Amino acid sequence: MKGPLPRSPTASPFRLLVFDWDGTLMDSIAAIAACTRVALQDAGFPDPPDATIRRAIGMSLRDSAELFFPGGSESHFQALVERYRHHWLATYKDAPALFTGAAATLAELGARGHLLAVATAKGRRGLVRELECTGLHSLLHSSRTVDECPPKPHPGMLLELMAELGAQPEQTLMIGDTSYDLEMANNAGVAAVGVLSGSHDVEDLERQRPLALLASVADLPRWLDGR
């Protein structure tokens with residue numbers, strides 16, 4: 001955690017803003033989908049439709065394996081995880097980039113006094129590498145990955161971030177592009193906003209009753225201002 005925590009912002013009821021990573025801040029959905037398809041082929045899984053692959057994004061790798069092949073063996077699932085990691089590091093890790101306006105949005109929100117955090121299905125090593133590459137590590141007060149907490153939609157990531165940063169549920173807002181992000185928020189008793197820049201469609205997000213659906217994370221400051 002960096003430095004002293006800022007004071008609570010006065011323009012918004014939300015002190016802590018927790019962002020998903022892939023599909024919310026990082027324009028990585030196409031790369032993740034392509035890597036997943038190659039890994040599925042390597043591991044001998046059936047070739048699923050694009051919609052199935054996209055729907056799995058945001059889950060842990062292990063959980064997504066069971067979505068692709070219900071009832072498969074644990075060794076089969078672990079083979080998919082291993083092949084995905086291999087192909088990501090070998091081919092896809094440098095393909096994603098921040099969405100336009102994402103860095104400026106976090107900088108603006110931090111300057112307003114919000115606490116900023118990330119809750120992601122990525123592993124810790126991958127998140128650290130991408131935070132360093134994008135320069136966002138200096139803007140965040142904390143983060144949780146699937147290496148430290150149960151996968152979404154379990155509320156563990158949000159509960160731990162709130163406890164660490166001293167925010168109550170009513171002071172916390174989750175921002176994400178998948179129904180798993182929004183369901184995690186519901187399970188943790190916090191509000192959520194969906195963004196339409198990622199892998200799940202409007203209907204999936206609306207089922208989780210977010211406060212709003214925004215075109216991208218760059219729209220968040222204006223929404224917080226009530227405009």
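Tell me the residue from Asp147, Asp204, Asp181 that is assigned to a loop (DSSP other than H, G, I, E, B) and either acidic (Asp, Glu) or without any contact (Cβ under 8 Å) to a residue 24 or more places away in the chain (or both), please.
Details: Asp204 fails: assigned to a loop (DSSP other than H, G, I, E, B); Asp181 fails: assigned to a loop (DSSP other than H, G, I, E, B).
None of the others qualify; the one that does is Asp147.
May I ask you to list the residues in segment 162-178 that are within 16 Å of the chain's Cα centre (by Cα) and part of a loop (DSSP other than H, G, I, E, B)? Give the steps one after another, and end with the answer.
The initial filter retains those residues of segment 162-178 that are within 16 Å of the chain's Cα centre (by Cα), namely 172-178.
Hits for segment 162-178 are Asp177, Thr178.
Scan segment 70-91 for residues that are buried (at least 17 other Cβ atoms within 10 Å of the Cβ) and either under 9 Å from Ala43 (Cβ atoms) or not assigned by TED's automatic domain parsing to the domain that holds Phe45 (or both) and jot them down.
Phe77, Ala79, Leu80, Arg83, Tyr84
Which is touching a strand residue (DSSP E or B) at 6+ places or on another chain (Cβ under 9 Å) and buried (at least 23 other Cβ atoms within 10 Å of the Cβ), of Leu139, Leu224, Leu214, Leu205? Before you say what the answer is, go through the steps one by one.
Numbers: Leu139 fails: buried (at least 23 other Cβ atoms within 10 Å of the Cβ); Leu224 fails: buried (at least 23 other Cβ atoms within 10 Å of the Cβ); Leu214 fails: buried (at least 23 other Cβ atoms within 10 Å of the Cβ).
Sole residue among the options that is touching a strand residue (DSSP E or B) at 6+ places or on another chain (Cβ under 9 Å) and buried (at least 23 other Cβ atoms within 10 Å of the Cβ): Leu205.
Exactly one condition in (1) in the same structural domain as Ala119 (by TED's automatic domain parsing); (2) in contact with a Gly (Cβ under 8 Å, 6 or more places away or on another chain) is false for Ile57; which is it?
(1)
Out of curiosity, is Gly123 of a type in the set (Gly, Ala, Ser), touching a Ser or Thr at 6+ places or on another chain (Cβ under 7 Å) and in contact (Cβ under 8 Å) with a residue 24 or more places away in the chain?
Working: of a type in the set (Gly, Ala, Ser): yes; touching a Ser or Thr at 6+ places or on another chain (Cβ under 7 Å): yes; in contact (Cβ under 8 Å) with a residue 24 or more places away in the chain: yes.
It is true that Gly123 is of a type in the set (Gly, Ala, Ser), touching a Ser or Thr at 6+ places or on another chain (Cβ under 7 Å) and in contact (Cβ under 8 Å) with a residue 24 or more places away in the chain.
The values are calculated or read from the model by the stated rules, or taken from the named source; none is laboratory data. Everything quoted here is computed from the prediction, not taken from an experiment. Heads up, the Cβs are rebuilt from the backbone with ideal geometry, glycines too, and the neighbour counts pull from every protein chain shown.
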